[in-house]
Protein chains: 2
Amino acid sequence: MVRDLYDVINRRRDTRREFTGEPVDPEALHRVLAAAHCAPSVGMSQPWDFVLVRSRRTLETFRDHVAQEREVFAGSLDGERAETFARIKIDGIVESGLGVVVGYDPDRGGSHVLGRHAIADAGLYSVVCAIENLWLAATAEGLGVGWVSFYREEFLADLVGFPAPVRPVAWLCVGAVDDLPDVPDLERFGWRHRSPLEEVVHEETYRLRA
Amino acid sequence: MVRDLYDVINRRRDTRREFTGEPVDPEALHRVLAAAHCAPSVGMSQPWDFVLVRSRRTLETFRDHVAQEREVFAGSLDGERAETFARIKIDGIVESGLGVVVGYDPDRGGSHVLGRHAIADAGLYSVVCAIENLWLAATAEGLGVGWVSFYREEFLADLVGFPAPVRPVAWLCVGAVDDLPDVPDLERFGWRHRSPLEEVVHEETYRLRA
């Protein structure tokens, strides 16, 4: 197991192609979910939920929905972008064998959440911190994680039975992998490249790029 | 340095009271920012910016704004909640000596960000993943981090010169600490308690709580 924080941060990849379909070890999954539940949250509201989806039928239903949304996005692209995108696999929903649907419950934490009165999205931010913890822990456990965002929120809320006002924040494909690639898929296929750190760090005030 | 992922996840705290005011080692800060920049991002858009604020005058200006917002929140509380809140320190803006203002630039990544067509907030989620990476790396480096969310976004955007459409997502107090507390402040002061993992994990579909 690779557990050095910086190694894990560097090895973490968005996984689409590498799932083996082997079942996830229940104890490893428990550690991964516990790491998510240990994330920071605004006013300690812990406003997250995790629905573990293994039913083949539900996985296939979601995969079909995502395939439709892929077409919507593909239809917005021209020329080189369309050709590049056509080569990129965007999900491993069925192959991974496990979907972790992450929800945000704004009613968690009572009527006065400390730190949320001025920034309504602070609760949503907490949920994303939990997702990143989950992703890093899964990487340490040798599992792959792929964050799927080609879906309509209403569709996913309905699929897993989120009652209002619980909002879906992510579908994470979680599963065993032989290995994680060194280079992100989007870089490998020429979609985008990593930018230098200097471009995003500013001293005292934001400076416009040349 | 504590670098085991699970140890870091468990030791991470929201820091308000523990800053010593010692300057942050520049190499440690570079590793922490590099860890943030290594976060996952939708369509590899890397839509984050980090403004490092050390100017005493800017720190004090922001502290005063946060103090006002604290009063706004306090005014919404009654009885026991008001008394409990009065004992809780909510920031170490000046004491830490360094503010890292994190921004989200929705224009980063071109006109077609892969994975954002259906979920506009996916770009914002990427920025929060970077914040969690930063927080964990800082913890590994023995630094404290406090996420301040008692502010108005317009005020902070103006203070550090974010041009539209760049949106402030966080003010992070980052600084040297003697140690991190074992128990979160909000738990120690009786504001909220950690919930059991079982309450937030569901099988196949969301189940309502009893």
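Within the stretch A:141-158, the only residue that satisfies the criterion of being crowded, with 16+ Cβ neighbours inside 10 Å and of a type in the set (Asp, Glu) is A:141. In the stretch A:83-113, of all residues being part of a loop (DSSP other than H, G, I, E, B) and among the β-branched types (Val, Ile, Thr), the one that is farthest from residue B:81 (Cα to Cα) corresponds to A:88.
Taken over the stretch A:118-156, the criterion of being more than 30 Å from residue B:11 (Cβ to Cβ) and either at pLDDT below 95 or within 9 Å of chain B (Cβ to nearest Cβ) (or both) is satisfied by A:148, A:149, A:150, A:151, A:152, A:153. Taking residue B:107 as the residue in question, decide whether it is acidic (Asp, Glu), more than 10 Å from chain A (Cβ to nearest Cβ) and in contact with a Pro (Cβ under 9 Å, 6 or more places away or on another chain). Yes. Of all residue pairs spaced 6 or more apart or on separate chains, those with beta-carbon atoms under 9 Å, a first member in the stretch A:1-23 that is closer than 18 Å to residue A:134 by Cβ and a second member that is of a type in the set (Lys, Arg) and outside any loop (DSSP other than H, G, I, E, B) are A:2/A:11.
Among all positions in the stretch A:179-198, there is no residue which is within 29 Å of residue B:207 (Cβ to Cβ) and within 10 Å of chain B (Cβ to nearest Cβ). In the stretch A:187-199, is there at least one residue being of a type in the set (Lys, Arg) and within 17 Å of the chain's Cα centre (by Cα)? Within the stretch A:187-199, none of the residues are of a type in the set (Lys, Arg) and within 17 Å of the chain's Cα centre (by Cα). Number of residues in the stretch A:1-25 that are within 11 Å of chain B (Cβ to nearest Cβ), in contact with a strand residue (DSSP E or B) (Cβ under 7 Å, 6 or more places away or on another chain) and within 21 Å of residue A:194 (Cα to Cα) equals 2. When B:105, B:91 are screened for being among the acidic types (Asp, Glu) and either in contact with a Leu (Cβ under 8 Å, 6 or more places away or on another chain) or modelled with pLDDT of 95 or more (or both), only B:105 passes.
If I go through the stretch A:162-190 residue by residue, how many of them are among the hydrophobic types (A, V, I, L, M, F, W, C) and under 16 Å from residue A:152 (Cβ atoms)?
Final tally of qualifying residues: 6.
For the stretch A:35-80, give me the residue count where each residue is of a type in the set (Ser, Thr, Tyr), within 10 Å of chain B (Cβ to nearest Cβ) and in a helix (DSSP H, G or I).
Selection size over the stretch A:35-80: 1.
Here residue B:96 passes the criteria (1) touching a Leu at 6+ places or on another chain (Cβ under 9 Å); (2) under 29 Å from residue A:183 (Cα atoms); (3) hydroxyl-bearing (Ser, Thr, Tyr) except the one numbered (2).
Yes/no per residue for (1) under 30 Å from residue A:78 (Cα atoms); (2) under 17 Å from the mean Cα position of the chain (by Cα):
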site: B:72; (1), (2): no, no
site: B:83; (1), (2): no, no
site: B:87; (1), (2): no, no
site: B:90; (1), (2): no, yes
site: B:96; (1), (2): no, yes
site: B:104; (1), (2): yes, yes
site: B:110; (1), (2): yes, no
site: B:114; (1), (2): yes, no
site: B:118; (1), (2): yes, no
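Contact map, the stretch B:53-78: first residue more than 19 Å from residue B:98 (Cβ to Cβ), second residue of a type in the set (Ser, Thr, Tyr), Cβ cut-off under 7 Å, separation 6 or more or different chains; pairs are B:69/B:151. So which residues in the stretch B:1-34 are in a helix (DSSP H, G or I), surrounded by fewer than 16 Cβ atoms within 10 Å (Cβ to Cβ) and not charged (D, E, K, R)? If the condition is that a residue be in a helix (DSSP H, G or I), surrounded by fewer than 16 Cβ atoms within 10 Å (Cβ to Cβ) and not charged (D, E, K, R), then B:10, B:26, B:30 are the ones that fit.
One residue stands out among those in the stretch B:174-210 that are among the acidic types (Asp, Glu), modelled with pLDDT of 95 or more and touching a strand residue (DSSP E or B) at 6+ places or on another chain (Cβ under 8 Å): the one that is nearest to residue A:43 (Cα to Cα), which is B:203.
The values are calculated or read from the model by the stated rules, or taken from the named source; none is laboratory data. Keep in mind that this is a model prediction, so the values were computed, not measured. Cβ atoms come from the backbone with ideal geometry, glycine included; neighbour counts cover every protein chain shown.
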